[in-house]
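The values are calculated or read from the model by the stated rules, or taken from the named source; none is laboratory data. Nothing here was measured: the structure is a model prediction, and the numbers come from that model. Don't worry about glycine lacking a Cβ; one is built from the backbone with ideal geometry, like all the others, and counts go over all protein chains shown. Keep in mind that these areas ignore ligands, DNA and RNA; they rest on the heavy atoms of the full protein, side chains included. Shrake-Rupley method; radii C 1.70, N 1.55, O 1.52, S 1.80 Å.
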Amino acid sequence: MKKTRPGQLKTAALALAAMIASPVLAQDGTGIRGNLSFSTGLEVSDNPDLVTVPDGTTLTSVTNLGFSVTSETRVDRFRFSLGAGIEGDDGGASTEADALDIRRSNIALSYARDGANSRLSLSARYDEADLDDDVFGFFVDGVFDPDALIVEGGTRQLTRLSADFSTGIDAPFGVDLSFGLTSNSYVDASDPDLKDSDSRRISATARFSINPATTARLTTNYVKTEIDDLVDTSRTSQSIGTGVTTQTRTGLELSADISIDSAETLNGSTVTNESDGLGLSFGVLQPRPDGTLAASLSSRIDNSGRRTSASVTRSFDLPTGGLTLSLGVVDQEDEDLEFTTQLGYTREAAGGTLTANLVQSPSTSDGDAFLNTSAGLGFEAPINSISSWSADFSYGSAAQFGEEDGDERTAAGIRYTRDLNEDWALNAGLRHVRITEDGADKRTSNTLFLNVGRDFSFGF
């Protein structure tokens, strides 16, 4: 089976950057700006690699470098960035002393152009990082990734390319096209469940304005993931459908979609799982003086089978922030009914900024259905005119439907920041990470860090 590997995608990203940058940077009066960031410092950790049996306390030097170029005109926007993290340690208990390691690197670009009645956006990004660095987080392309919770050892290379085009935005007829390519590659990963994979998606929507308040649409969507395992597994899901959205005089928005869904799993050329059926989605959104009230119902088929879900959401616009509350249920094929929740809260005041979120929702990974939970809490407050402090907490868990135990990852930290002068700032703090894997020992890491850094901004 022919595979598109990250090295090829990285070359494509660089080529796309050159094609985009040439016309953008050649324009007159664009106000092109550049930024160079630099920080260097030390970290002391009792388990920097988040392994089951740590080598011992390690002192590590950490240098982070970043460069970006941005350009914005009346009709288009461009950004190109590079970054790297370089580490060297004293050897700890059993490693080579003074070893230098590029633990993180990334390259990213994006371009967007607004026409009179159209919109184009292109983006490409390549990230390479040690799996214990928390660079990728719980989500990949907006989807909760259960593998991100419990990885141990190795490097992950993640490449993403996307292109979106819309025309007829304010016209009676319009078309939306979207293309995406994601590649995951693991190097020296100790977890046998981590497999290289390539995923591509294509979607298209044709919009028809029936009257100023009602729009009809035809939709199609195709996603295929190829996994580099012993049996060359590939998973495909696709749908074709139609829908309508209308708005009443009171502002009530109603939407309904019907589709034909199908999903298939192949091991080589052998079909191992196949399902298809009718997909339905309904939504209601009512603006309120202090926010919105919404309800949704959906029943769709993917590689994990049929999933039916319903939810009610209420959002509030508050004088110093906002609040969102949601409660729902999800019924996964051949499994028991489960509850889903969502909570989001922000508050900005002179004494500090507080953010909190909680999301419990289903997802499909490697053909299996998961019920995922992610939670975050953050607070940032000034101490005086030159210093501030912040604290954060994050939690993620994933368990397959029908199973009580799953994998969990918890992280918490506190940071102190102080301006040394107009250009340089000092950061110091402590971070704790705990991983609980079903059927394995717990892993923990405590890291104390101190660094200084600054940003250099300039024009062209």
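Here are the numbers for the structure shown:
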read-out: Condition broken by SER190, with the remaining ones in (1) modelled with pLDDT of 90 or more; (2) polar (S, T, N, Q); (3) farther than 27 Å from ARG249 by Cβ satisfied; value: (1)
read-out: Scan of region 398-412 for residues that are open to solvent by 40 Å² or more (accessible area, probe 1.4 Å) and in contact with a Lys or Arg (Cβ under 9 Å, 6 or more places away or on another chain), ordered by number; value: GLU408
read-out: Subset of region 272-295 (residues that are out of contact with any Leu (no Cβ under 9 Å at 6 or more places or on another chain) and buried (at least 17 other Cβ atoms within 10 Å of the Cβ)); value: SER275, GLY279
read-out: Some residue of region 354-362 being surrounded by fewer than 18 Cβ atoms within 10 Å (Cβ to Cβ) and within 29 Å of LEU194 (Cα to Cα); value: yes
read-out: First in region 364-379 and crowded, with 18+ Cβ neighbours inside 10 Å, second anywhere and among the β-branched types (Val, Ile, Thr), Cβ under 7 Å, 6 or more apart; value: SER374/VAL359
read-out: Within region 192-203, tally of residues that are small (Gly, Ala, Ser) and either open to solvent by 30 Å² or more (accessible area, probe 1.4 Å) or free of Cβ contacts under 8 Å to residues at least 12 places away in the same chain (or both); value: 2
read-out: Identity of the residue in region 296-330, of a type outside the set (Val, Ile, Thr), touching a residue at least 40 places away in the same chain (Cβ under 8 Å) and open to solvent by less than 60 Å² (accessible area, probe 1.4 Å), that ends up nearest to GLY351 (Cα to Cα); value: SER309
read-out: Qualifying strands (runs of 3 or more DSSP E) (wholly inside region 328-439; at least 2 residues being small (Gly, Ala, Ser), under 30 Å from PHE38 (Cβ atoms) and modelled with pLDDT of 95 or more); value: 368-382, 387-400, 407-419, 425-436
read-out: Tally of residues being among the basic types (Lys, Arg) and within 30 Å of THR70 (Cα to Cα) across region 414-460; value: 3
read-out: Test result for SER269, surrounded by fewer than 17 Cβ atoms within 10 Å (Cβ to Cβ) and out of contact with any Lys or Arg (no Cβ under 6 Å at 6 or more places or on another chain); value: yes
read-out: Considering residues of region 37-78 that are in contact with a helix residue (DSSP H, G or I) (Cβ under 9 Å, 6 or more places away or on another chain) and of a type in the set (A, V, I, L, M, F, W, C) only, the residue farthest from ASP114 (Cα to Cα); value: VAL51
read-out: Candidate set: region 211-223, residues that are modelled with pLDDT of 95 or more and surrounded by fewer than 17 Cβ atoms within 10 Å (Cβ to Cβ); chosen: the one nearest to GLY180 (Cα to Cα); value: TYR222
read-out: Tally of residues being over 30 Å from LEU50 (Cβ atoms) and crowded, with 18+ Cβ neighbours inside 10 Å across region 162-182; value: 3
read-out: Number of positions in region 253-284 that are of a type outside the set (S, T, N, Q) and more than 22 Å from SER309 (Cβ to Cβ); value: 5
read-out: Any pair with Cβ under 6 angstrom, 6 or more apart, that starts in region 71-100 at a residue that is modelled with pLDDT of 90 or more and ends at one that is among the aromatic types (Phe, Trp, Tyr) and outside any loop (DSSP other than H, G, I, E, B); value: SER71/PHE78; PHE78/TYR111; LEU82/PHE67
read-out: Near pairs, Cβ below 6 angstrom, 6+ apart or cross-chain, from region 207-230 (over 22 Å from SER281 (Cα atoms)) to any residue that is of a type in the set (Ser, Thr, Tyr) and part of a strand (DSSP E or B); value: LYS224/THR236; THR225/SER197; THR225/SER199; GLU226/SER234; ILE227/SER197; ILE227/THR233
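Let's see how each residue does on (1) open to solvent by 80 Å² or more (accessible area, probe 1.4 Å); (2) in contact (Cβ under 8 Å) with a residue 60 or more places away in the chain:
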residue	(1), (2)
ALA381	no, no
GLY396	no, yes
ILE414	yes, no
ASP419	no, no
LEU426	no, no
GLY429	no, no
SER445	no, yes
PHE449	no, yes
PHE456	no, yes
